[in-house]
Each structure stands twice: as C-alpha cells, then as structure tokens.
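*Asks:* Got a structure for you, questions after.
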Amino acid sequence: MNKAIFLDRDGVLNKERKDYVKTIHEIELFPNIEKCISEIKKNSFLAIVITNQSAVNRGLTSHENIIEIHNEIQNYLKKFDTKIDAFYYCPHRPDEHCKCRKPRPELIKQAALDFQINLSNSWMIGDNQKDFDAGTNAGCKSIKLSSPDELENVLKQIFSN
C-alpha cells in the first residue's frame, strides 16, 4: 500500500485570501513549495491536496476555475520536475452540511481508496483545526502549521523518522 502526505491548499501551498482564491491570477504560491513537493515524492509519499473551496457554491467562482487553478499549480511544479498526485476539493458551504467538507474525513478516505493508501502511515498537514481534525478523523497523523514557513521543517521531521 501507498503512503501519502495530504496537504491543505490555501494557507499551506499558497497564500490564503479573505475573499478566496477564485482565479489563476490570485494564486500566490509560497516560496520553496516546489522543493517541499519534490521532497515528498523523493521520500516515496504521494502528494495529495485536500481543500475546502466553498467559493464555488457561494457563486464566487466555478468548478472550471478551481480546476484551472489546480492545473496552474501543476504547471508551475512541472518546471521543477515534480507534481501533486491529485487534488480533491469540497465545493460546499458550511451550512450545506455535506459529507465531504473538512473536518469530515471523506475526501481523504476517497483518496485512500483511489490510490490504495495506508492512512495510518500517512499525514495530513494544514493550517487550521479543520485540517488537523480531518486527518485525525481519517486515521492519519496530523500537523497544524502555525506558519507556512514551517512546512519544509515539518517534512524533514516526518522523513527523518
């Protein structure tokens, strides 16, 4: 079975915006993201993004724009000969009480089925409590970053064990 590093998108890979990342022009990737993704891959983990994107059901952006944003991130990473293995996102607003919105574990569990992932050997890394809880609820180890600058060191700690 595979192991994975599940990553939140906004606040971990790119700068979070109060009004949501709605188009490719609003992406601001953090420095060294390509290095972090490369390290994940080099250490035989899958890199999978798990993200809540309620801007879709709020009518602020579209599924097509979300896919375009994810493709733009992939195009950037491709320049460094690395990639994210998959993106899973929940388009629902919190008040819709769906099954896929973090902190519920459904997107992580779906990725585990799709990629034959052993969740007990996997990690969820995010910047808020919902991310941490989603990982824990799925059976992963979870880490909540207090700053995006921590990602590189957190990965080093994971890979040194």
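The values are calculated or read from the model by the stated rules, or taken from the named source; none is laboratory data. Everything numeric here is computed off the predicted structure, so don't read it as measured data. Positions of Cβ are backbone-derived with ideal geometry, glycine not excepted, and every protein chain shown enters the neighbour counts.
*Asks:* Taking residue 57, is it touching a helix residue (DSSP H, G or I) at 6+ places or on another chain (Cβ under 6 Å) and among the polar types (S, T, N, Q)?
*Replies:* Considered against the rule, which asks whether it is touching a helix residue (DSSP H, G or I) at 6+ places or on another chain (Cβ under 6 Å) and among the polar types (S, T, N, Q), residue 57 comes out as no.
*Asks:* Just one of 30, 45 is in contact with a strand residue (DSSP E or B) (Cβ under 6 Å, 6 or more places away or on another chain), among the aromatic types (Phe, Trp, Tyr) and either buried (at least 18 other Cβ atoms within 10 Å of the Cβ) or farther than 19 Å from residue 93 by Cβ (or both); which is it?
*Replies:* Checking each option against the conditions leaves just 45.
*Asks:* Which one of 110, 74 is touching a residue at least 12 places away in the same chain (Cβ under 8 Å) and of a type in the set (S, T, N, Q)?
*Replies:* Sole residue among the options that is touching a residue at least 12 places away in the same chain (Cβ under 8 Å) and of a type in the set (S, T, N, Q): 110.
*Asks:* While we're here: Could you list, in sequence order, the residues of segment 130-145 that are out of contact with any Asp or Glu (no Cβ under 7 Å at 6 or more places or on another chain), within 19 Å of residue 51 (Cβ to Cβ) and in a loop (DSSP other than H, G, I, E, B)?
*Replies:* Selection gives 140 alone.
*Asks:* Among the basic types (Lys, Arg) and either under 25 Å from residue 19 (Cα atoms) or assigned to a loop (DSSP other than H, G, I, E, B) (or both): does that describe residue 109?
*Replies:* no
*Asks:* So which residues in segment 50-102 are surrounded by 13 or more Cβ atoms within 10 Å (Cβ to Cβ) and of a type in the set (Gly, Ala, Ser)?
*Replies:* 54, 55, 62, 86
*Asks:* Checking residue 44 against (1) at positive phi; (2) polar (S, T, N, Q); (3) in contact with a helix residue (DSSP H, G or I) (Cβ under 7 Å, 6 or more places away or on another chain): exactly one of these is not met. Which one?
*Replies:* For residue 44, the exception is condition (3).
*Asks:* Still on this structure, please answer the following. Could you please let me know if residue 18 is part of a loop (DSSP other than H, G, I, E, B), farther than 20 Å from residue 150 by Cα and within 13 Å of the chain's Cα centre (by Cα)?
*Replies:* Against the criterion (part of a loop (DSSP other than H, G, I, E, B), farther than 20 Å from residue 150 by Cα and within 13 Å of the chain's Cα centre (by Cα)), residue 18 does not qualify.
*Asks:* What tally of residues in segment 107-161 results from selecting those that are of a type in the set (Val, Ile, Thr) and crowded, with 21+ Cβ neighbours inside 10 Å?
*Replies:* 3
Matching residues to (1) in contact with a helix residue (DSSP H, G or I) (Cβ under 6 Å, 6 or more places away or on another chain); (2) at pLDDT below 95; (3) within 24 Å of residue 161 (Cα to Cα); (4) of a type outside the set (Gly, Ala, Ser):
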site: 23; (1), (2), (3), (4): yes, no, no, yes
site: 31; (1), (2), (3), (4): no, yes, no, yes
site: 36; (1), (2), (3), (4): yes, no, yes, yes
site: 48; (1), (2), (3), (4): yes, no, yes, yes
site: 62; (1), (2), (3), (4): no, no, no, no
site: 65; (1), (2), (3), (4): no, no, no, yes
site: 95; (1), (2), (3), (4): no, no, no, yes
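A quick yes/no check of all residues on (1) part of a helix (DSSP H, G or I); (2) free of Cβ contacts under 8 Å to residues at least 24 places away in the same chain:
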| residue | (1), (2) |
| --- | --- |
| 6 | no, no |
| 25 | yes, yes |
| 39 | yes, no |
| 69 | yes, no |
| 80 | no, no |
| 103 | no, no |
